[in-house]
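To keep things clear, I will list the structure first and then write my remarks on it.
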Amino acid sequence: MKDMRNVDVDEILVALGSRGKYQMWMYFLSTLTYFSEAFHGLSIVFIGQQNPQKCAAPPDLPVNQTDDVFGKCSILSQNETNVTSCIYGYQYDHPPDMSIVSEFDLVCDQAALSDLSQTLLNLGMAVGSSTLTLASDKYGRKPVCVLSHLGCLATGIGAAFAPNYAVFMVMRFVNGIVQQGTVLTAVTYAIEIFPKEKRRYCGFYGLLMWSVCVMSIAPIAYLTRMYSWRIVYLALTSASLYSLIQYWITDESIRWLVANNRFEETVRLVKKAARMNGVNVNEPLKLIYQKELLPIDSEKPTDKLLAVTLDTGEDEKNQKKALEAGVVETQVVHVEKYTLLDIFKSRRLAITLFIIWFMWFTNSLTYYGIFLTSSSLAGNIYLNFFLNALVEVPSAFIYWFTIDSIGRKKTAMLFHGIAAFGLIGATILRMYDDNDAASISATVFSLIGKLGISGSFNVIFIYTPEVFPTNIRNISFGTASTAARIGGMLAPFSSLLAANLPWAPGAIFGACCLIVTITILYLPETMGKELPQTMEDLNKLYDKKQGHA
């Protein structure tokens, strides 16, 4: 096995063209998986709509029987002395199959079950983010992403044809697991394909793509609103059909291949990228051969090595000849493998991980808490949903102009500070919502908070993988996402809390964002730094941080 541990992957990517056709095409293909996560994750807003109901009357009810005795959840006898449950079922204002709530009668004493499927989805996400990301670090980004995406398609179809609510919940739970194997692996790949100078493209285009994905849900749901919820869900699940061709049009991460000493595959992809980008393939190959595959006899000139290893159209044959001739040294290399426990061996790195976890928990709790409650406001549900997605677009442009100018830390602090300001301001104004001016102002402040938390989510998606070494990057990313899923599972309870204490959710969200703003100061700055390959590289980030302190 060739030793590629010291290969500078960023130099290879720069030699290929930092923002070449290959990188941009592979990045675009990876972001297409965002549609699956957005559509599956937020579809519940439309397939789980409330359908006003009352107790159904018996089939032989006399014509002169008044409807007033049939309440939402009980039947009051004519003499008003006896109250019974809806023994004849329910009568809904709209066709029962418009929503899972009415089709499965998730009302009255079963109403608590209506949110259980979303809770199980988030629980599945927590499981997937801490398991499939580990598999991605071990077996590669591509196989885990493709197989997980196929799982999204299968479970989406299974949920759409679920004969009962129990099956629907099981499908949603499994869907949550494979969602994380799809999107987290895709995000990691998207970050790894660019050198440090171009990583902001990941965040900018990624947030715009995510906004487009979320905004797309509203028109699809609107156009299928006259059909069963099953048709709506199938329409949204169709985004996962991309998984059927994904294997043949996407590649493995070059950075992962280098970190795992996959020499032949690295060379093959470098050649492919060079052809697509229209650059001289010898330039990136020199960075691999000259630096790492040194001749056995150090006195021999390196051009002898290059003469047989550079691209001549018969590379593989020449490489074998070089090995047989002793021109290239073959050595057994021990690839450094880490586990999450290695991070806890260092107090400094452990604190970093805890801060990252709290950041993700706060962002998910706040983002989904705002989103799910705002979509239930009075007015057109489709327009409300669309506007709440649209407000995320300005945060992408703020991100673009700050992430590489003031750095990751300061950008994260800026967005969390904006979120805290908006949410705490909205909370204060809601205490005086007895006039229209205060209500309008509270709405504006809430949108400011939504803008801030949307931008901060984008920053931590880029920032988190940059502070962990390659062979533990995805599992660290996965545990952070698990923390986010815990926040996501708690988010639906914000509406219940708001019913009793209207100021409480905003106060909790704002306080958490404020704490994150302060704790980020402890973390290292990664702007302009190569992604750490080893634990030693990670320690150097802190050493540089202390050196600038």
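The values are calculated or read from the model by the stated rules, or taken from the named source; none is laboratory data. Just so we're clear, the structure is a prediction, and the values are computed from it rather than from any experiment. Here Cβ is always computed from backbone atoms with ideal geometry, including for glycine, and neighbour counts include all displayed protein chains. Please note that ligands, DNA and RNA were not included when accessible areas were found on the heavy atoms of the full protein model with its side chains. Shrake-Rupley method; radii C 1.70, N 1.55, O 1.52, S 1.80 Å.
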Solvent-accessible area of Trp503, probe 1.4 Å, all protein chains present, reported in Å² to the nearest ten, please. 110 Å²
Spherically averaged projected area of the range 114-172 from its Cα convex hull (nm²): 4.0 nm²
Give me the net charge of Ile231's neighbourhood, meaning all other residues with Cβ under 12 Å from the Cβ of Ile231; Lys, Arg count +1, Asp, Glu -1. +1
Segment Leu390-Gln110, extension gain: residue separation times 0.36 nm, minus the distance between their alpha carbons: 97.4 nm
Given a 1.4 Å probe, how much area per residue of the range 139-273 is accessible, in Å²? 34 Å²
Taking r as the C-beta separation of Ala498 and Ser85 and R0 as 30 Å, the FRET efficiency to the nearest 0.05 is 0.55
Once ligands and nucleic acids are excluded and a 1.4 Å probe is used, how much of Met276 is accessible, expressed in Å² to the nearest 10? 70 Å²
Semi-axes, largest first, in whole Å: what does sqrt of 5 times each Cα gyration tensor eigenvalue give for the range 103-232? 31, 19, 13
Carbon and sulfur atoms account, in whole percent of the 1.4 Å probe accessible area of the range 386-477, for 74 percent
